[in-house]
1. Can you run down the residue pairs with Cβ atoms below 9 Å, 6 or more apart or on separate chains, where the first is in segment 122-134 and of a type in the set (Gly, Ala, Ser) and the partner is surrounded by 21 or more Cβ atoms within 10 Å (Cβ to Cβ) and assigned to a loop (DSSP other than H, G, I, E, B)?
2. Give the residue, chosen from Tyr241, Tyr185, that is in contact with a Gly (Cβ under 9 Å, 6 or more places away or on another chain), more than 27 Å from Gly344 (Cβ to Cβ) and among the hydroxyl-bearing types (Ser, Thr, Tyr).
3. Identify the residue in segment 306-338 that is of a type in the set (Ser, Thr, Tyr) and touching a residue at least 24 places away in the same chain (Cβ under 8 Å) and, among all such residues, is surrounded by the fewest Cβ atoms within 10 Å (Cβ to Cβ).
4. Looking at segment 403-419, I want the residues that are closer than 10 Å to Gln103 by Cβ and have a partner that is assigned to a loop (DSSP other than H, G, I, E, B) and among the hydroxyl-bearing types (Ser, Thr, Tyr) with Cβ atoms under 6 Å, at least 6 apart or on another chain. Which pairs are those?
5. Within segment 402-413, does at least one residue satisfy the condition of being exposed (fewer than 14 other Cβ atoms within 10 Å of the Cβ) and in a strand (DSSP E or B)?
6. Tell me, please, whether a residue that is under 13 Å from the mean Cα position of the chain (by Cα), crowded, with 17+ Cβ neighbours inside 10 Å and among the small types (Gly, Ala, Ser) can be found in segment 439-448.
7. Can we say Asp203 is closer than 30 Å to Asp140 by Cα and without any contact (Cβ under 8 Å) to a residue 24 or more places away in the chain?
8. Name the pairs: first residue in segment 255-274 and within 19 Å of Val323 (Cα to Cα), second residue acidic (Asp, Glu), Cβ to Cβ under 9 Å, at least 6 apart or on different chains?
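The values are calculated or read from the model by the stated rules, or taken from the named source; none is laboratory data. Since the model is a prediction, treat every value here as computed from it, not as a measurement. Note: ideal-geometry Cβ built from the backbone for every residue, glycine included; neighbour counts use all protein chains shown.
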Amino acid sequence: MGNSQCLSRYLILEVTAIKHGLVMSLFKTSNLPSSPFRILFLYIFVTYSAIEPQWKIFMRIFRHWWLWSLLLWSLALVGCSGSGDSSPGGGSPPPPSQPGTLQLQTVKTGLSALTFLTAPPNDDSHLFVVEQAGRIQILDRATGTLNTVPFFDINAQISNSGEQGLLGLAFHPNYDANRQFYVYYTDLNGNPTVARYLRELTDPNLADPSSGVVLTSVPRPPGSTNHNGGMLAFGPDGCLYAGTGDGGSGGAPAQDTSSLLGKILRLDPDASGPPAVCTNSGANPFGNQVWSYGFRNPWRFSFDRATRDLYIADVGESTREEVDIATGAQAGLGLNYGWNIMEGSLCFPIGSSCTQSGLTLPVFEYDHSQGGCAIIGGYVYRGSAIPALAGTYFYGDLCLKFVKTFNKQSGQFTDPPGLQQTGQSITSFGEDAQGELYVVTSQGGVHRIVP
């Protein structure tokens with residue numbers, strides 16, 4: 001009930017009390033703030049009725065009408081304050097409204113094949129987009145205007161055919177002060193590599209190409225160029241996490257904790273070189289860079305900004321796509337996510353039997369029956385433009401070209417209206433400094449998810 005409506009009801013109550021007797025009016029009116037007041041007045045009425053005729057009670061009340069008026073208006077102020085909800089006891093705020101149709105708002109087109117998008121901490125004005133060929137471009141967040149000179153160009157130092165190239169980017173949480181950023185690329189030998197670079201001291205729109213320090217380089221099986229992983233993200237412990245694929249050799253390295261293939265690695269971002277093992281909040285479980293294992297190709301993973309849960313989307317072989325969620329202060333520590341013993345929740349090869357003991361199965365998955373081929377992991381939404389979707393995880397599929405969502409708390413899968421089919425091959429999601437989400441495509445498009 002609104003405050004004006006509530007107070008008008010109490011004014012009517014006061015007039016009724018004076019005209020017809022206060023006690024009966026109180027007990028016939030359902031708008032009192034709480035039942036203890038009714039009990040108090042009932043006690044007064046019954047007590048006085050035992051010793052005096054009722055008409056004398058009303059006379060006493062009427063004689064002091066100004067006192068009762070003051071009391072009633074005090075109750076009115078108590079009853080009308082608060083949320084304004086008319087449910088008993090004031091109630092809780094109404095649930096958030098459901099989102100309407102979502103859409104992809106084009107920010108920029110015409111770029112080279114894109115693999116990622118992010119922004120430095122506290123930078124609400126720019127988007128940094130990663131091109132597979134080895135360049136990082138800067139866009140104006142509001143207008144989509146492209147800087148005339150790339151921020152970073154490592155084309156001459158990478159291999160960039162097929163699934164190779166410049167694949168990931170992360171900014172140090174203290175980037176404003178230390179100018180450090182990190183890239184994930186396949187080197188000229190095809191080996192997945194994580195390196196640290198510095199922004200130019202005098203120009204925030206340019207990186208210093210001579211400042212590179214390799215933190216780790218992962219040898220690949222000879223003759224194979226796919227399943228390179230490519231994601232970088234800082235964890236809540238201040239360590240740099242990197243996702244590596246199994247190297248495309250049937251998945252055998254994924255179960256070998258001495259190999260860096262098919263893993264989530266936890267690296268020291270400030271190390272002077274390999275092996276760059278991070279020791280913040282405790283040691284890694286296997287004495288090397290490996291944090292979690294049993295992955296085929298964890299192309300994209302992310303930490304929820306609010307809960308710090310770790311969401312890992314692992315690209316499947318021929319039948320299943322999966323998302324794994326690790327929770328807790330050391331999310332994912334030492335866990336085996338199953339590949340190549342299992343593909344999703346099924347034993348691998350499909351139709352065989354296997355022992356699932358000690359394996360962490362996916363939280364959700366989907367099969368390839370509708371034409372899906374490669375899950376594109378996204379983020380848990382923590383922006384402000386679509387409050388009804390707070391806490392909702394976004395993901396897509398390269399072949400089906402959809403954007404879908406999942407909410408861990410409710411367990412509900414949804415197809416956001418308007419985004420079931422984007423018509424574009426999504427290669428990655430991105431998140432800006434404000435927590436708003438984007439998709440980038442192999443066709444060179446940058447698109448913001450908006451209501």
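1. Ser125/Ala119; Ala133/Gly165; Gly134/Ile154; Gly134/Gly165
2. Details: Tyr241 fails: more than 27 Å from Gly344 (Cβ to Cβ).
It is Tyr185.
3. Looking only at segment 306-338, we keep the residues that are of a type in the set (Ser, Thr, Tyr), and these are 307, 311, 318-319, 327, 337.
Within this subset, residues satisfying the condition of being touching a residue at least 24 places away in the same chain (Cβ under 8 Å) are 307, 311, 318-319, 337.
On the way: Thr307: 17, Tyr311: 24, Ser318: 11, Thr319: 16, Tyr337: 26.
Among those that are of a type in the set (Ser, Thr, Tyr) and touching a residue at least 24 places away in the same chain (Cβ under 8 Å), it is Ser318.
4. Final answer for the pair search is Pro417/Thr101; Gly418/Thr101.
5. Applying the first criterion (exposed (fewer than 14 other Cβ atoms within 10 Å of the Cβ)) to segment 402-413 yields 409-413.
After this cut, where a residue has to be in a strand (DSSP E or B) as well, the list is 412-413.
Checked segment 402-413: at least one residue is exposed (fewer than 14 other Cβ atoms within 10 Å of the Cβ) and in a strand (DSSP E or B).
6. Quick first cut of segment 439-448, residues under 13 Å from the mean Cα position of the chain (by Cα) only: none.
Scanning segment 439-448 turns up no residue that is under 13 Å from the mean Cα position of the chain (by Cα), crowded, with 17+ Cβ neighbours inside 10 Å and among the small types (Gly, Ala, Ser).
7. Numbers: closer than 30 Å to Asp140 by Cα: yes; without any contact (Cβ under 8 Å) to a residue 24 or more places away in the chain: yes.
The answer is yes for Asp203.
8. Leu261/Asp246; Gly262/Asp246; Gly262/Asp256; Lys263/Asp246
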